[in-house]
Every structure is written in C-alpha cells, then in structure tokens.
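Structure, as structure tokens:
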Amino acid sequence: MATDEKRAELIAKLRNAVIQYDEDASKEGAQEALDAGLDANDAIFNGLVSGMEEVGRMFEAQEYFVPEMLMCADALYAGLDILKPHVKQLDLGVKGSVVIGTVEGDVHDIGKNIVKMMFDVAGFTVYDLGRDVPLEKFVEEQMKTDSDLVCLSAMMTTTMTGMKKVIDDLRKKNPNVKIMLGGAPVSQDVADKYGADGYAKDATNALKDAINMIASLKKMKDEVEAKKAK
Amino acid sequence: MKTSLRRELLDHGATVVGVADLRGYLSGEIAHLDRAVSIGVGRRLNEDTLSLLVKLQKRAVRFLKARGHRTLAIPPDSDRKNSTFISKLYSLFNHKMAATSAGLGWIGKNGLLINPDYGPRLSLATVLTDARLSADVPIERCLCGSCMICIEHCPSKAITGSEWSRSSPFVELVKLNACRSHKAAKRAIDNKPNCGLCINICPYGRKNQAPSIKHISNKISRTGSLELGVSRLDII
C-alpha cells in the first residue's frame, strides 16, 4: 500500500493533470497510482473528479472557456481509461444504467458526451445511442436494456419537440423509468410541461450539473461507508 | 519569448515557424486564443513527418504552459482522432489560414500553402495561445504569378486557375470533386489513392527537396520548366 505522503502526491498529480489539461500527465499519474497500489476509486474521485470540480468552478468564473473545458475532459478520460478496469464496483444502492442520446434531427453532442462521461465516472452502465437518434430507438433501447434512466439531449428548438414524443411513449411502456432532459433550448418549464423527471440546464452547464450529481454520489458513497464503519 | 520559442522548435526539427495575430479571424469558442504558432515540417518520403509534428506541438505547448499561458494544439489534418471532446472544435480552424497569416507563404493555385523556400512541401500544425507573442507580417495574396505548371499537369483538370488573396479566401481554387474522383480511380487501379502531382511539380522550393524526390520530379518537370519565366530559372 502507498504511504499517505505518496498518496497525497499522486492524488495531487492527477488533479493537476486534469486542471492543466495535460493528457500525458494524466495517463502517467494513473499508471503510477496503480503501480503504487493506490485504490482506483480513491484516485478517480479524489484525483480526477476533484480536478474536474475545480474546472467546473473555473468555467463558471469564466477563467476557462469551452476549449479548455473540453481538453480537461479529455485528460480526465485518458486517466480514467487506465484506472477504470481496476475499480471495485461501488455499492451505492443506486442501480446504474442509463440510456443517453441526442434526439432525431440534431447533431450537437458535446454536452451529451460530457454528461455521458460523468455517468461513466460514476460507474453507471451507459448505453450511448449517439446523435440524430430516431425517436423510437430510445424506447426500444430502454426496454431492451431495462435501464432506470433515460437522458435526452437537444440543441435546437426544432428538434426539442421530439422529446415530448419520446417521453409519452416511454411513459406508456414503462411508467417507472426516470427521464432527464438537457440542451440549450430546454428549461425547467419545458421539462415540467413534457413530463420529464429532471433537467440539466444547457450544454455548457450540463458539466456542472453532472458534477453536482457526482458530488452527491460521492456523498452517498461516504455515507454508505460511514454506516459500514459503524 | 518568441525568438526562444522559434529557436527551440527549429532546433528540434521544425522547418519553418511563424507567429500569426488572428484577432478577428477566429470563431467565438476559440477567440480568446488569438495568437497562432504555425509550425511547418518539410515533407520527406518514408519519414515520419506526423510524429515529428506532434512532438513539436507538444514542445510548443510545454514551452508556453511553463510560462503560464493557455494553449490549444490543433493537430495536423491527417492525424485527427475524432473520439476526443476537443476534436469537435478542430473544424473551426484552418492551418493554412494561420500559416499565411504568419507570413509562412501564400495559397497557391493548387490550393496548397506555398512557402518561398520549400514550396508546397510542408506539413502544418498549429498551436493557439493567449501569450502575447509578436506577430509576423502576413502574406496578402498569391505570388504564383503567371506560372501554370500545376494547372497543366493536373491529371483531373481540377485546378481552376483562380487566385487566392487574404481578402477573398473563399474562391474556388481546386474542384474538389474532380480531384477526389481521380484519387478514387487511382485507388481502384493500384490501391494507392495518392496523386500529389501538384506538389511534386511546383517549381518553388525544389532546391531544398530531399535528393531522392528531386531526381524523380526533375524528370517530370523538365518540359514544364521551359515554360517558366526567366526570373524563376534560378529557383529550378
């Protein structure tokens, strides 16, 4: 096992690699963490994800813009790819499978991909349908995989209306499924009107929302562990 | 800072390095990174030009980051992994635009960057940054003059003969469909889509070519060179 000092050093390295959008350092840090016997979950959540939380803050403060944020996300993925095979399944009490995609007629998928990444990090099984996804495909995939959550994304008002149809169809087939919407033209009002369960503000803020989601997951994880300790 | 960056890149294998001021030329997402370091590497057959370009880019990124500046490396056109997040933004940017703005050359009739010393035989990569590097003087218009060699030798007659200038960068220089269909036909015959005659034939920079290519292309162009103006003979 790694000493506390070594652990702190590696965690800081991973965190900085993400903040400094340095893919090479992220890969290197991830490999070193594994070699030093660091717990992969620890490295991901306290290293990579904690770095991404800082990026989210910097983005909100307009210190970072879209390109930096995207490069940070790439750096996070580079480290994650190495660490992920070593993750012990998190026992969160949350069943994790998600169907995600950008609805028919829409090819804008940056926001969707970032949200997807966050689900990846959180250990969900993600069924990514990609972009310009025919509306029936969402229902089909949900039924096939029996996922708990369906995430719909749209960038344009013209394609946004397709979400309503997907939601209606999903509700008919499976009233229990949770549905989340995201994308520039979507608002809480739209989400309420269409009958969705949740809403992520827009493509750029989706990152922050996803981070909040991870943060709450982290909290849940800590609580679970605290219970176990008792 | 610019001089030492340039020297560092040239020392490590870059053929030409220029800095462009791209204020007002960039789309909103990347507009805060308005200086471009344009890096050109001489194309030599059988050498790994791409890996050299990528190495040079990383070197430039490290150099600028170490001095506290932001960077965005736009990889060479032929080395774009489309799986990354940042690759979505690459299409907002054109290497040749950066190169002409950095004074490395002009866009020739064959639609390629023509450098006075190396002709169209350069592979390009760019690093965008917010460092206040002093910019080189841009080249404003096509300096091919009356030279028509590439037009005459193009097997698919794809080169229109129009002239590029920085103020009208969107004129059609090459009929892309004709060029593409020729490459497809080539692929069907001998499995290689390569044509590149308009690169090989260009009289600019032939002097600085690797000897092996020089030999071949001299043969091709002996007829063509006769039609050149006297002022070009020294280059050939």
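Which one of these is in a loop (DSSP other than H, G, I, E, B), in contact with a helix residue (DSSP H, G or I) (Cβ under 7 Å, 6 or more places away or on another chain), among the polar types (S, T, N, Q) and not assigned by TED's automatic domain parsing to the domain that holds B:L10: B:S162, B:S134?
Result of the check over B:S162, B:S134: B:S134.
What tally of residues in region B:181-200 results from selecting those that are in contact (Cβ under 8 Å) with a residue 24 or more places away in the chain and more than 15 Å from B:S156 (Cα to Cα)?
Counting residues in region B:181-200 that are in contact (Cβ under 8 Å) with a residue 24 or more places away in the chain and more than 15 Å from B:S156 (Cα to Cα) gives 0.
Mind listing whichever residues of region B:58-80 are part of a loop (DSSP other than H, G, I, E, B) and within 10 Å of chain A (Cβ to nearest Cβ)?
Of everything in region B:58-80, just one residue is part of a loop (DSSP other than H, G, I, E, B) and within 10 Å of chain A (Cβ to nearest Cβ), namely B:R70.
For region B:63-78: of the residues being of a type outside the set (A, V, I, L, M) and surrounded by 14 or more Cβ atoms within 10 Å (Cβ to Cβ), which is farthest from B:G24 (Cα to Cα)?
Filtering first and then ranking leaves B:F63.
Taking B:I107, is it under 24 Å from A:D109 (Cβ atoms), buried (at least 19 other Cβ atoms within 10 Å of the Cβ) and at pLDDT 90 or above?
It is false that B:I107 is under 24 Å from A:D109 (Cβ atoms), buried (at least 19 other Cβ atoms within 10 Å of the Cβ) and at pLDDT 90 or above.
Just give me the residues in region B:36-50 being within 13 Å of B:T126 (Cα to Cα) and either within 14 Å of chain A (Cβ to nearest Cβ) or without any contact (Cβ under 8 Å) to a residue 12 or more places away in the chain (or both), in sequence order.
Matches in region B:36-50: B:A36 only.
Out of the residues in region B:16-31 meeting the condition of being assigned to a loop (DSSP other than H, G, I, E, B) and buried (at least 18 other Cβ atoms within 10 Å of the Cβ), tell me which one is farthest from the other protein chains (Cβ to nearest Cβ).
Of everything passing the filter in region B:16-31, B:L22 is farthest from the other protein chains (Cβ to nearest Cβ).
Pick out the one residue from A:A191, A:A210 that is modelled with pLDDT under 80, at negative phi and either among the aliphatic types (A, V, I, L, M) or outside any helix (DSSP H, G or I) (or both).
Numbers: A:A191 fails: modelled with pLDDT under 80.
The match here is A:A210.
Is it the case that B:A125 is touching a helix residue (DSSP H, G or I) at 6+ places or on another chain (Cβ under 6 Å) and away from every other protein chain (no Cβ under 14 Å)?
Values: touching a helix residue (DSSP H, G or I) at 6+ places or on another chain (Cβ under 6 Å): yes; away from every other protein chain (no Cβ under 14 Å): yes.
Here the answer is yes, as B:A125 does meet what is asked.
Would you check if there is a residue in region A:24-39 being of a type in the set (A, V, I, L, M), within 20 Å of the chain's Cα centre (by Cα) and within 12 Å of another protein chain (Cβ to nearest Cβ)?
Within region A:24-39, not a single residue is of a type in the set (A, V, I, L, M), within 20 Å of the chain's Cα centre (by Cα) and within 12 Å of another protein chain (Cβ to nearest Cβ).
Out of everything in region A:119-147 that is hydrophobic (A, V, I, L, M, F, W, C) and part of a helix (DSSP H, G or I), what residue ends up being nearest to the chain's Cα centre (by Cα)?
My answer is A:F119.
Does region A:64-73 hold any residues that are within 7 Å of chain B (Cβ to nearest Cβ) and either touching a Leu at 6+ places or on another chain (Cβ under 7 Å) or over 13 Å from A:D120 (Cα atoms) (or both), and which are they? Don't jump to the end; show me each part of the working.
Going through region A:64-73, the residues within 7 Å of chain B (Cβ to nearest Cβ) turn out to be A:65-68, A:70-71, A:73.
The answer is A:F65, A:V66, A:P67, A:E68, A:L70, A:M71.
Taking the stated definitions as given, is B:R23 of a type outside the set (A, V, I, L, M), farther than 21 Å from A:D22 by Cα and without any contact (Cβ under 8 Å) to a residue 12 or more places away in the chain?
So B:R23 fits the description; yes.
Quick check, is A:I19 under 15 Å from the mean Cα position of the chain (by Cα), of a type in the set (V, I, T), modelled with pLDDT of 90 or more and closer than 30 Å to A:R131 by Cα? Explain how you work it out, then say what you get.
Working: under 15 Å from the mean Cα position of the chain (by Cα): no; of a type in the set (V, I, T): yes; modelled with pLDDT of 90 or more: yes; closer than 30 Å to A:R131 by Cα: yes.
Judged against the criteria, A:I19 is not a match.
Does A:G105 qualify as being away from chain B (no Cβ under 14 Å), in contact (Cβ under 8 Å) with a residue 24 or more places away in the chain and closer than 30 Å to A:Y199 by Cα?
yes
Would you check if A:G123 is away from every other protein chain (no Cβ under 14 Å), of a type outside the set (D, E, K, R) and at positive phi?
Working: away from every other protein chain (no Cβ under 14 Å): yes; of a type outside the set (D, E, K, R): yes; at positive phi: yes.
For A:G123, the condition - away from every other protein chain (no Cβ under 14 Å), of a type outside the set (D, E, K, R) and at positive phi - is met.
Hey, could you check region B:88-99 for residues that are under 20 Å from the mean Cα position of the chain (by Cα) and over 17 Å from B:V37 (Cα atoms) and say which is farthest from the other protein chains (Cβ to nearest Cβ)?
Selected residue: B:S91.
Do we find a residue being crowded, with 21+ Cβ neighbours inside 10 Å and closer than 27 Å to B:I74 by Cα anywhere in region B:140-159?
no
The values are calculated or read from the model by the stated rules, or taken from the named source; none is laboratory data. Remember, it's a predicted structure, so these values are computed and weren't measured experimentally. So basically every Cβ, Gly included, is an ideal-geometry build from the backbone, and we count neighbours across all protein chains shown.
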